[in-house]
Amino acid sequence: MNKFLSYLSDSRVVIAIIVIVVILTLWLIITRVNTKRYRTDLEQLENKYNEIKKIPLSFKMNKAVAISRVDQETIDKVEKAKTDFSQTGNRYD
């Protein structure tokens with residue numbers, strides 16, 4: 001027991017223990033902050049997803065067709081999407 005107490009009374013051991021405790025405390029704080037941030041990000045993404053799901057697919061398709069009339073770069077993508085949409089049989093509305 002005396003050997004243990006003399007070992008603990010060494011200043012290097014005390015400093016090492018304090019450094020370890022500070023590092024663990026910082027790690028816990030950073031983890032908690034990140035978790036809170038990730039949770040709020042997830043809630044925002046869920047809200048965006050739900051807003052997108054509310055709009056029917058046929059409306060989105062009509063909007064894409066209208067955009068493709070103005071933007072020549074999107075015509076091929078919209079044509080492919082239109083064929084894919086027609087193959088689904090509009091069952092996702």
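The values are calculated or read from the model by the stated rules, or taken from the named source; none is laboratory data. Only a predicted model underlies this, so the values are computations on that prediction, with no experimental measurement involved. Every residue, glycine as well, gets a Cβ built from its backbone with ideal geometry; the counts of neighbours run over all protein chains shown. What goes into the accessible areas is simple: the full protein's heavy atoms, side chains included, and nothing from ligands, DNA or RNA. Shrake-Rupley method; radii C 1.70, N 1.55, O 1.52, S 1.80 Å.
So here's what we get for this one:
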item	result
Criterion violated by LYS77 - all others in (1) under 31 Å from the mean Cα position of the chain (by Cα); (2) charged (D, E, K, R); (3) at pLDDT 85 or above satisfied	(3)
Residues that are surrounded by 10 or more Cβ atoms within 10 Å (Cβ to Cβ) and over 33 Å from the mean Cα position of the chain (by Cα), drawn from segment 9-52	ASP10, VAL13, VAL14, ILE15, ALA16, ILE17, ILE18
Members of segment 53-82 found to be open to solvent by less than 100 Å² (accessible area, probe 1.4 Å) and among the charged types (D, E, K, R), listed by number	LYS60, ASP71, GLU79, LYS82
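Quick grid of which residues meet (1) farther than 30 Å from LEU8 by Cα; (2) touching a residue at least 60 places away in the same chain (Cβ under 8 Å); (3) of a type in the set (A, V, I, L, M, F, W, C):
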position: VAL22; (1), (2), (3): no, no, yes
position: LEU28; (1), (2), (3): no, no, yes
position: LYS36; (1), (2), (3): yes, no, no
position: ASN50; (1), (2), (3): yes, no, no
position: LEU57; (1), (2), (3): yes, no, yes
position: ASN62; (1), (2), (3): yes, no, no
position: ARG69; (1), (2), (3): yes, no, no
position: GLN72; (1), (2), (3): yes, no, no
position: ASP76; (1), (2), (3): yes, no, no
